[in-house]
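Down below is the structure, laid out as structure tokens.
Every number in this text was worked out from the coordinates using simple rules, so none of it is lab data. A quick note: this is a predicted structure, and the numbers were derived from the prediction, not measured. Positions of Cβ are generated from backbone atoms using ideal geometry, with glycine treated the same way; all protein chains shown enter the neighbour counts.
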Amino acid sequence: MHHASFTLDPAFTVAPVNRRTFGGFVEHLGRCVYTGIYEPDHPTADADGFRRDVLDLTRELGVTTVRYPGGNFVSGYRWEDGVGPRDRRPVRRDLAWHSTETNEVGLDEFMRWSAKAGVEPMMAVNLGTRGVAEALDLLEYANHPKGTLLSDRRAANGTAEPHGITMWCLGNEMDGPWQVGHTTAREYGRLAGQTARAMRMAQPGLELVACGSSGSAMATFGAWEAGVLAECYDAVDAISLHAYYEEHDGDLASFLASGADMDRSIDAVTATADAVGARLGDRKRIRLSFDEWNVWYQSRHRAAAPREDWPTAPRLLEDHYHLADAVVVGGLLIALLRHSDRVTAACQAQLVNVIAPIMTEPGGRAWRQTVFHPFAETARAAKGEVLRVEPVAPVHPTARHGDVPVIDAVATRDAASGAAAVFVLNRSVDTAVALDVDVRGLGAERLVRCATLADADVYAVNTADEPDRVAPAANRTAELADGRLRAVLPPVSWTVVELATA
Ligand code: AHR
């Protein structure tokens, strides 16, 4: 048994919990849209063709914002194809995923789905094959109240009120050689800056996100962000980060420490952005939008494998997540929350079927993957302010991320209600941890709940036939006495503890 401890104190506040930390992502990729959120022939379909079972799970997941429509897809997308009468919408090739796009679902349908799901949209514009003019057209169609060509077209298409979309991504992963329209940092930064300035002329107050690197392993990581921001620092509010993790060659210890890479990426991009700002004499602080993150096996293949055909809604990127994946996802959420002072938005990629917490069968059931649970629990319990945690714990070596403390943790506290939550990862592959937390500073008097995600088989998965094989269970070792919270955390586990003042 290892022993670990830390102290929670409201004096060590990081920042408020940003609700946008709990974002998701719907891309026209594989079965995310078609037979994912939308399947008009499904027994649960509503009048708009949306699967009610998926809407229910989306609400249960607690997703707050959803990025749309890509992803790589957006870099070749013409938004006009997806609006207006369905029988007149063109069928197109999607080069990113070598698929056929029917355009049955487009902007107006997605906005209807978002309203039903209770999520804020985060819209991406195409800066791969298109530019300033098309971004302005899309903005006019989406947000202008009425009386112009495109706002009147929206009304004629059935949506009189403007969609009111605030948050916009300026393209996607333009550093990636797989991207349609892939270019240099300076060229992309110039285009992003021009697009952002024009969009602001049309509508002040938008929140605009420039594309950072596709991942910290990119050879241009750092230089890309510096080059992009040198061109558009004044015009954007945030820069994006993307990161996908997987277990390599059975190295579970490194995999469980993936949050350490996320920490370093965030710190590196923050430092780069601040250095550019200082050089430009701009005192504004660029925010970070971690708008793609998850576990993804084979994430080094960022585009469709070569194929002859152009299938519609093929099964692509349908990872089946096991217990250890869910523990890693819990750890990545800890890393995101820890950086709430700079990371003000994040999107787990993606929402349904495609590397997703929710899986569906066409015509069949929808179920929660293992990674659903830490996301839903964190989104529900994290409230108020994020508190810094400095664990005193044994340090263990990992091949990919160096030495890491055996536990990782973060906490939140809502000053108004006194409710507090602690999220803890035991990243040891074989040893339980006896945890001892000094919570006197919180005034916590009652242990409301302690639930742990663990399993004797760290590779156990949930399936359509056994959808609840992996789920959090009450941790009966937890106790709160004399201002100390104590619990035993099994190896390879993620735990949430909720406390109250009375
Ligand atoms: O989320 C899957 C893909 O990963 C996205 O389309 C792209 O942005 C990233 O490479």
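Since only Val328, Thr44, Ala185 are under comparison, the one whose Cα sits farthest along the positive direction of the charge dipole of the chain, derived from C-beta charges on Lys, Arg, Asp and Glu, is Ala185. This model, with +1 at the C-beta of Lys and Arg and -1 at the C-beta of Asp and Glu, gives segment 18-381 a dipole about its Cα centre of some 800 debye.
The HN-Hα couplings worked out from phi for segment 177-182 by the Karplus form 6.51 cos²θ - 1.76 cosθ + 1.60 (θ = phi - 60°) are x, 7, 7, 4, x, 3 Hz, whole numbers, x standing for Gly and Pro. Put simply, the amide H of Ala15, placed in the peptide plane, has neighbours under 5 Å in Val386, leaving out anything fewer than 5 places away on its chain. When each of Ile239, Ile266 is scored by the number of other beta-carbon atoms lying within 10 Å, the sequence from fewest to most is Ile266, Ile239.
Over segment 18-381, what is the percentage of antiparallel beta bridges among all DSSP beta bridges, to the nearest 5? So the antiparallel bridges in segment 18-381 amount to around 20 percent. Between the alpha-carbon centres of segment 244-262 and segment 276-355 there is a gap of 15 Å.
Packing here is the average count of other Cβ atoms within 10 Å per residue, and on that basis the peptides 88-94, 68-74, highest first, run 68-74, 88-94. The label point for Ala155 and the one for Asp414, both projected 7 Å from the Cα toward the Cβ, are 4.1 nm apart. In terms of the mean number of neighbouring beta-carbon atoms within 10 Å, the peptides 329-338, 301-310, 191-200, 117-126 order highest first as 329-338, 117-126, 191-200, 301-310.
A helix-only calculation puts the chain at -7500 deg cm²/dmol for mean residue ellipticity at 222 nm, using -39500 (n - 2.57) for each DSSP H run of at least four residues, averaged over all residues.
Working from Cα pairs under 8 Å separated by at least six residues, relative contact order for the chain is 20 percent.
Residues in segment 191-197 carry Karplus couplings, in order, of 5, 4, x, 4, 5, 5, 5 Hz; the curve used is 6.51 cos²θ - 1.76 cosθ + 1.60 with θ = phi - 60°, and Gly or Pro positions show x. Take each peptide in 28-38, 311-321, count the other Cβ atoms within 10 Å of every residue, and average; sorted highest first, the result is 28-38, 311-321.
For segment 53-63, 3J(HN,Hα) computed residue by residue from phi via the Karplus equation (6.51, -1.76, 1.60; θ = phi - 60°) reads 5, 6, 4, 4, 5, 5, 5, 5, 4, x, 5 Hz, glycine and proline entered as x.
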